[in-house]
1. In whole Hz and in residue order, list the ³J(HN,Hα) couplings for segment 101-110 that follow from phi through the Karplus curve 6.51 cos²θ - 1.76 cosθ + 1.60, θ = phi - 60°; x for Gly and Pro.
2. Could you state the per residue volume, in Å³, of the convex hull enclosing the Cα atoms of segment 32-90?
3. Using the Cα atoms as the points, what is the convex hull volume per residue of segment 44-203 in Å³?
4. Please arrange GLU163, GLU197, GLU229 by counting, for each residue, the other beta carbons lying within 10 Å of its beta carbon, fewest first.
5. Dipole of segment 19-227, Cα-centred, from +1 at each Lys and Arg C-beta and -1 at each Asp and Glu C-beta, to the nearest 20 debye?
6. Could you tell me the center-to-center distance, by alpha carbons, between segment 125-155 and segment 191-231 in angstrom?
Amino acid sequence: MKTQTMTLVVAAALLAVPAAHAAQIALYIDGANYADSNTPAAASAAGVTASGMAFVGLSGGSGGPVRDQFGDINLGGNVPSDDYWYVVNANLDLAADPGVSSAVADDYFGFTLTADAGSQLDLNTLTFDWGFGSNDDALTGTTIGYRVFASVDGGSFVSLGVESFNGDVAIDTWVDGTAGNYDLSGLGLTTDGGSVEFRVQTFSTSSGGGVMQAFQNISVDGALVAVPEPSSTALIGLAGLGFILRRRR
């Protein structure tokens, strides 16, 4: 009977902690036109501050990174295009995969999501569309790719994964790359009012000014979790203490 009472008290305390429900936390580059490299989020959940897009040490080519065309290439393969993507011009790409130990200090684009005070971020997935092409010359045996990193609460960046294409690319042709889909559950919860920063480093064995890769529909899903009230935590602790004392009698 005592054990049942203890179980019920603890269960009641746990139920007092708000449950998390997965939903879209933020969306970037939704196909609409934006004026400059500091692109704002297209959408963000209530209780979350989504930074503008950082664009560090890179080039989007003539006209900036938010484009619907790159030379004669209609981004996304749409004609007419009017479908805007986030472009990284290969003339400032890294020459090779930066690897999992990259400091990600330069040559990246990315953004930061911050929870309001009293809440924590519990993220599930990062997804986006990816494509590439060459406006100047056909490419033979070329590697084009990117690596994604994340940092929780200002900590060290960890690699979430890498994607690359190796092969031939016809001139003035849009190529659909493999869509990005990354599991974020291993990042764990942020602190109260904490943040998660994402950075993407692009690389290509061709540094030609006509080579580019582009990203769109960058979406982060997860939950905003309310920090448990001290009373709930105290209730669990008191229930456990009471149970221990009763066991000693």
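1. Values, residue by residue: 8, 4, 7, 6, 8, 8, 6, 8, 10, x Hz.
2. Values: hull volume 5.4 nm³, N = 59.
Convex hull of Cα atoms, per residue: 91 Å³.
3. Values: hull volume 18.1 nm³, N = 160.
Residue-normalised Cα hull volume stands at 113 Å³.
4. Working: GLU163 17, GLU197 20, GLU229 13.
By the 10 Å Cβ count, ascending, the order reads GLU229, GLU163, GLU197.
5. On the way: 3 positive and 24 negative charges, 67 e Å.
Here segment 19-227 has a charge dipole of around 320 debye.
6. 13
Bear in mind that the values in this text are calculations on the coordinates, not laboratory data. All values reported here derive from a predicted model rather than from experimental measurement. So basically every Cβ, Gly included, is an ideal-geometry build from the backbone, and we count neighbours across all protein chains shown.
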